[in-house]
Amino acid sequence: MVGIRTKLILFMSTVIVIIGTLICVFFLLNSKKQQEDALRKFGISLVMLLAQDNEVKNALSFTQPAFLDAPISRVTALDREKEIGYLHIYNPQSTLIEETAPWINISMEEILTSKSPKMRSKPHSALRWTRGGGARVIKSTQNPDVLIEENIIVCSGNVFYDFTMPVLEKPAFAEEEFAAQILGEDETPKEKKQKTFGFVQVGLSQYKLNERINKIIWQRIVPMGLIIISGGIGITFLLSKYFVAPLKHMASITLDIARGDLTRTVDIRSDDEIGQLSLNFNNMTRALKVSYDEKENIMAQLRENVNNLEKANKELVNINEQLSETQDRLVRSEKLAVVGKLASGVGHELRNPLGAIKTALYIIRKTNLNNNVINNSQKSNQLFEIIEKETERSVKIVNDLLGFSRTAKPAVSPADIKLIIESSLSRVKIPANIEEKVLLEEPLPLISVDATQIDQVFVNLIQNACDAMQKGGLLTIHARKENEFLTVTFTDTGCGIPENAKNKIFDPLFTTKPKGMGLGLAISINIIQRHEGYIDLKSKEGEGASFIVKLPITKT
Amino acid sequence: MINKNNKFYKLSKGVVTYYILPLLLLTSFYISIVTAGEKTVTIIQSQQIAAYNEAVKGFKEACRGKNIAIKEIYDLKGDIEEGKKIVQDIKANKPNLILAVGVLAATLVKEQFPEIPIIFCMVVNHYRFNLQGNNITGISVEASVEDQFIILRNLLGAYKNLGVIYDITKTGKIISEAETIAKTLGFNLIKSEVTSEKEVIPVLENIIKKIEALWIIPDSTVITKNTLEAISKIALDHHLPTLCTSEAIVKTGALISISPDYTYTGLQAAQIAQILLNNPGTPSMGIKNPEKLRLTLNTQTAESVGINLTAFQSYPNIILYP
């Protein structure tokens, strides 16, 4: 990023360089003009001095060049810088003197070809080639009062300021002329024609003029330009630092403010725009701080409100969960009540007929045995066995139904879970292809439970595990103390429970087994809940299942 | 007791009355002449112009019979070199008084003869040349500004805005004096400065609509061969009355000039000379205004401007041109 100070310095430096250059050019042109004017005045003085000299007049009047020695000596004495390039004094009859300076390599003839009497009558500032072709008049001026003709002659690379003046007869006294005009009468001559004796021509070389101008350039203009430019840039550098420093200070403070430090203020006390800006900036910062504080207060209130809302939401979620749980429990209880009532009715109604069938079957079998009927009809014996087996099974179902409906309030007493597990395992016929593993993490405290009911629960869970492992597997029973509970986990490596069946697995009459009634787990959860415990299920289809039974530890 | 009827008494009375007294008177007269001696005056005039000649003529006539002998009359012919020779002659002759006619003569004798009483006249704008000294008395060739304005007011009425062009280096003194007089006489002097004759016509064209009359003063920057006719023409084109101090300018088209009677100026100079010669040691009498003025009117210009001339014809010393 290019800083404002750099931009300012670059801009001002450019301006100063331009101004400095213009000043130098102006000074150069002015100096050149002054030098040219001085040269011109010198030339006019010289030519007038010669033209008005009585000896020159006499020399021209009598065509006597010897009379010119003294006037020329006087004129050359005045030429201290040796600027006179040539001198030419002539009258209409002949040339009296024709001299060039020793350092001029041009013949007088060549210079004079650029001058002819006819040229004096031509318009001023005429641009024309001379008859000789070697010189060119590039500027011509004429003063009508003193009759001096001025020309600039370029001749073979040399530039001459040429001054030519007629040498006239002495003029009348001007004030007397004026008096004659004011007091004049008819006989006063209107205008006296002055006699021209001849002409004086002086050429000043531009060589010395150029030397002086070069001297002015290197001794005055160049140092002046350098001083102006370097001084200007230096002053700009200092001024820009002076002007930009407050802005930089302000910029650093704005960064602090942007980072959140609204206590920062700009301490610039000046009566200019920057002072006003700092004042406004401080006012703005104060206003910003007030707004920021207000915003922070509002944000704090909002955060508090959000926390309250989150808390309320959590409470609502908990309440909702409790409600949902309660509702589930109510639904299950109602369902269990309905199922229990149905089971109780069905059990009572089927129990007696089944008892009668069983008794009748016993009598038939006994009678046939006594009469050796059985040997005669092997087929009949097989049929009797089926009837007896299915009757037993029906009796069991009826007993289960009655057991489900008549789950009594547990009669708790301190019991050793190890013994209950052993009892349960002994009551279930575990197939040979299933390996059983019991892990008991000592110490295992006594628990206050109805050992019979818990034993039934464990039997159900072991039986279910064995049913799930038709192709064999591992049954692990793991008992341990966890905080206030005693946890017993029954893990099998069977087929697992499908995801969609997990929620219904504890519902009565729900079963995944082909010959099950769907009452085992319903009875089990009912028993555990009556003991203020929990049953959890962890299962993944195809990888087995874990039923975790948590029973509260008796507090002593 | 003397008898008045006595013959001797009568004879004596006759002799005394007709012989002795005149004799005594004549004797005393000649004695005084012999005692005083004849005073000599040298006249130098700058050049031969009619105005100078008129003044010299007036002086000569006025000196006649006044025991003033005009020893020499020199003509400088407008050339200062000529004057150098003449100075040598005058120094040899030692006149009692010198009359210088014209500026060249006046400036020459002022420098060369500090001991001899000098009277100068016919010097235009004399104050420019510092013609002052214990031995120098002069007669101005211009009517006083006050006289000029009074005549302008009396003749032409109240022209409020009076324009004038001048070069401050030459006639600044006249203008500063004229400003006060103009206010007193109810004129509003609109003055325009110039530094060269080239500026005169543009400046005149610039002020011509603001002025009601033009006052031409003898300023050598303003009045030149090139400008004089143009000034008169522009004034005429705008029907402006012009006041000047030169009959020559009236002849170019100006309306009126107020100038001295040059012959009378000579006479006035002779009167001063008499006083100075009869009272040796009298200091300078200063610069006198011309005692007799004359008006010159251009009748054609008057007609163009719309001025009725009948009222002026009763004025003394008035010249109507052409």
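The values are calculated or read from the model by the stated rules, or taken from the named source; none is laboratory data. Computed from a predicted structure; not experimentally measured. For neighbour counting, all protein chains shown are included, and Cβ atoms are generated from backbone atoms with ideal geometry for every residue, glycine included.
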Quiz prompt | Residue list for the stretch A:5-60, filter: aromatic (Phe, Trp, Tyr) and within 43 Å of the chain's Cα centre (by Cα) | solution = A:11
Quiz item: Hey, does the stretch B:191-201 have a residue that's surrounded by fewer than 23 Cβ atoms within 10 Å (Cβ to Cβ), assigned to a helix (DSSP H, G or I) and not charged (D, E, K, R)?
Solution: yes
Self-check item: Among the candidates A:372, A:368, residue that is over 24 Å from residue A:516 (Cα atoms), surrounded by 11 or more Cβ atoms within 10 Å (Cβ to Cβ) and modelled with pLDDT under 75
Solution: A:368
Quiz item: Which residue out of B:175, B:217, B:231, B:223 is closer than 27 Å to residue B:294 by Cβ, of a type outside the set (D, E, K, R), within 14 Å of chain A (Cβ to nearest Cβ) and assigned to a helix (DSSP H, G or I)?
Solution: B:231
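Out of A:461, A:439, A:419, A:425, report the one residue that is at pLDDT 90 or above, part of a helix (DSSP H, G or I) and touching a strand residue (DSSP E or B) at 6+ places or on another chain (Cβ under 6 Å). Don't jump to the end; show me each part of the working.
Details: A:439 fails: part of a helix (DSSP H, G or I); A:419 fails: touching a strand residue (DSSP E or B) at 6+ places or on another chain (Cβ under 6 Å); A:425 fails: touching a strand residue (DSSP E or B) at 6+ places or on another chain (Cβ under 6 Å).
The unique qualifying residue is A:461.
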Quiz prompt | Output for the stretch A:262-283, where each listed residue is farther than 24 Å from residue A:240 by Cα and exposed (fewer than 12 other Cβ atoms within 10 Å of the Cβ) | solution = A:263, A:283
Quiz item: Somewhere in the stretch B:129-145, is a residue away from chain A (no Cβ under 14 Å) and either among the acidic types (Asp, Glu) or closer than 20 Å to residue A:184 by Cβ (or both)?
Solution: no
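Here is a yes/no grid of residues against (1) at pLDDT 85 or above; (2) basic (Lys, Arg); (3) farther than 20 Å from residue A:474 by Cβ:
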| position | (1), (2), (3) |
| --- | --- |
| A:501 | no, no, yes |
| A:523 | no, no, yes |
| A:545 | yes, no, no |
| A:550 | yes, yes, yes |
Quiz item: Within the set of pairs 6+ apart or on separate chains, which have a first residue in the stretch A:168-191 that is closer than 22 Å to residue A:57 by Cα and outside any loop (DSSP other than H, G, I, E, B), a second that is of a type in the set (S, T, N, Q) and at pLDDT 80 or above, and C-beta atoms under 8 Å apart?
Solution: A:168/A:196; A:174/B:220
Quiz item: Which one of the conditions (1) within 59 Å of the chain's Cα centre (by Cα); (2) surrounded by 20 or more Cβ atoms within 10 Å (Cβ to Cβ); (3) among the acidic types (Asp, Glu) does residue A:536 fail to meet, given that it meets all the rest?
Solution: (2)
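Rundown of residues vs (1) closer than 24 Å to residue B:81 by Cα; (2) hydrophobic (A, V, I, L, M, F, W, C); (3) in a strand (DSSP E or B), yes/no style:
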{"residue": "B:111", "(1), (2), (3)": "yes, no, no"}
{"residue": "B:141", "(1), (2), (3)": "no, yes, no"}
{"residue": "B:162", "(1), (2), (3)": "no, yes, yes"}
{"residue": "B:169", "(1), (2), (3)": "no, no, no"}
{"residue": "B:186", "(1), (2), (3)": "no, no, no"}
Quiz item: Among all residue pairs at least 6 apart or on different chains, which show Cβ distances below 7 Å where the first residue, located in the stretch A:85-110, is part of a loop (DSSP other than H, G, I, E, B) and the second is of a type in the set (A, V, I, L, M)?
Solution: A:91/A:60; A:101/A:84
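Condition first: in contact with a Lys or Arg (Cβ under 7 Å, 6 or more places away or on another chain), among the polar types (S, T, N, Q), under 21 Å from residue B:75 (Cα atoms) and more than 14 Å from chain A (Cβ to nearest Cβ). Can you find one or more residues in the stretch B:98-119 that meet it? If you could, list the steps in order and put the result at the bottom.
To start, the set of residues in the stretch B:98-119 that are in contact with a Lys or Arg (Cβ under 7 Å, 6 or more places away or on another chain) comprises B:118.
Remaining after also requiring among the polar types (S, T, N, Q): none.
Looking through the stretch B:98-119, none of the residues is in contact with a Lys or Arg (Cβ under 7 Å, 6 or more places away or on another chain), among the polar types (S, T, N, Q), under 21 Å from residue B:75 (Cα atoms) and more than 14 Å from chain A (Cβ to nearest Cβ).
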Quiz prompt | Checking residue A:184 against (1) within 14 Å of another protein chain (Cβ to nearest Cβ); (2) surrounded by 14 or more Cβ atoms within 10 Å (Cβ to Cβ); (3) under 30 Å from residue A:39 (Cα atoms), the condition it does not meet | solution = (3)
Exercise. Scan the stretch B:148-160 for residues that are part of a helix (DSSP H, G or I) and either touching a Leu at 6+ places or on another chain (Cβ under 9 Å) or surrounded by 14 or more Cβ atoms within 10 Å (Cβ to Cβ) (or both) and jot them down.
Key: B:148, B:149, B:150, B:151, B:152, B:153, B:155, B:156
Exercise. Inspect all residues belonging to the stretch B:51-67 and state whether any of them is within 13 Å of chain A (Cβ to nearest Cβ) and part of a strand (DSSP E or B).
Key: no
Self-check item: Residue list for the stretch A:163-177, restricted to those being at the interface with another protein chain (Cβ under 7 Å from one of its Cβ atoms) and either acidic (Asp, Glu) or buried (at least 20 other Cβ atoms within 10 Å of the Cβ) (or both)
Solution: A:173, A:175, A:176
Quiz item: When residues of the stretch B:72-85 are filtered for being more than 14 Å from chain A (Cβ to nearest Cβ) and either over 19 Å from residue B:119 (Cβ atoms) or surrounded by 17 or more Cβ atoms within 10 Å (Cβ to Cβ) (or both), how many remain?
Solution: 2
Quiz item: Considering B:145, B:123, B:141, B:101, which residue is in contact (Cβ under 8 Å) with a residue 60 or more places away in the chain and surrounded by 19 or more Cβ atoms within 10 Å (Cβ to Cβ)?
Solution: B:141
Quiz item: If you scan the stretch B:194-215, which residues turn out to be under 15 Å from residue B:237 (Cβ atoms) and aromatic (Phe, Trp, Tyr)?
Solution: none
Quiz item: Looking at B:236, B:267, B:243, which is the one that is away from chain A (no Cβ under 13 Å) and in a strand (DSSP E or B)?
Solution: B:243
Quiz item: What tally of residues in the stretch A:237-276 results from selecting those that are within 21 Å of residue A:9 (Cβ to Cβ), assigned to a helix (DSSP H, G or I) and not hydroxyl-bearing (Ser, Thr, Tyr)?
Solution: 15
